[in-house]
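The values are calculated or read from the model by the stated rules, or taken from the named source; none is laboratory data. As the structure is a computational prediction, the values presented were derived from the model and not from experiment. Counting neighbours? That spans all protein chains shown, and the Cβs are built from the backbone with ideal geometry, glycine included. The protein model used for the area step is the full one, side chains on, heavy atoms only, and it has no ligands, DNA or RNA in it. Shrake-Rupley method; radii C 1.70, N 1.55, O 1.52, S 1.80 Å.
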Amino acid sequence: LPNLESLRIARTGVTADGVRTFLEDAPEGLREIDVSGNGIPTSILRRWKNASLPPDGDGTERRYIN
């Protein structure tokens with residue numbers, strides 16, 4: 001999934017631990033994740049959003065929908 005830019009897993013029953021694990025090693029190009037309706041703590045998403053983007057990034061910010 002190295003080219004994945006957007007992931008929408010809204011209302012799927014994904015767990016906070018599952019999202020946390022995925023985001024710890026998410027594809028570098030991932031810029032957006034939608035986990036609405038799953039009760040994922042915002043702190044997990046904020047940590048990923050505020051992490052440093054790769055140096056060759058296009059300047060696009062990460063965003064999440066919760």
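Restricting to the range 1-26, name every residue that is hydrophobic (A, V, I, L, M, F, W, C), in a loop (DSSP other than H, G, I, E, B) and either open to solvent by 90 Å² or more (accessible area, probe 1.4 Å) or in contact with a Pro (Cβ under 9 Å, 6 or more places away or on another chain) (or both).
Passing the criteria: Leu1, Leu4.
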The one condition in (1) surrounded by 13 or more Cβ atoms within 10 Å (Cβ to Cβ); (2) over 10 Å from the mean Cα position of the chain (by Cα); (3) not basic (Lys, Arg) that Ile33 fails to fulfil: (2)
Residues of the range 36-48 classified as buried (at least 17 other Cβ atoms within 10 Å of the Cβ), out of contact with any strand residue (DSSP E or B) (no Cβ under 6 Å at 6 or more places or on another chain) and not in a loop (DSSP other than H, G, I, E, B), total: 2
Near pairs, Cβ below 6 angstrom, 6+ apart or cross-chain, from the range 31-56 (of a type in the set (S, T, N, Q) and modelled with pLDDT of 95 or more) to any residue that is open to solvent by 40 Å² or more (accessible area, probe 1.4 Å) and outside any loop (DSSP other than H, G, I, E, B): Ser36/Ile65
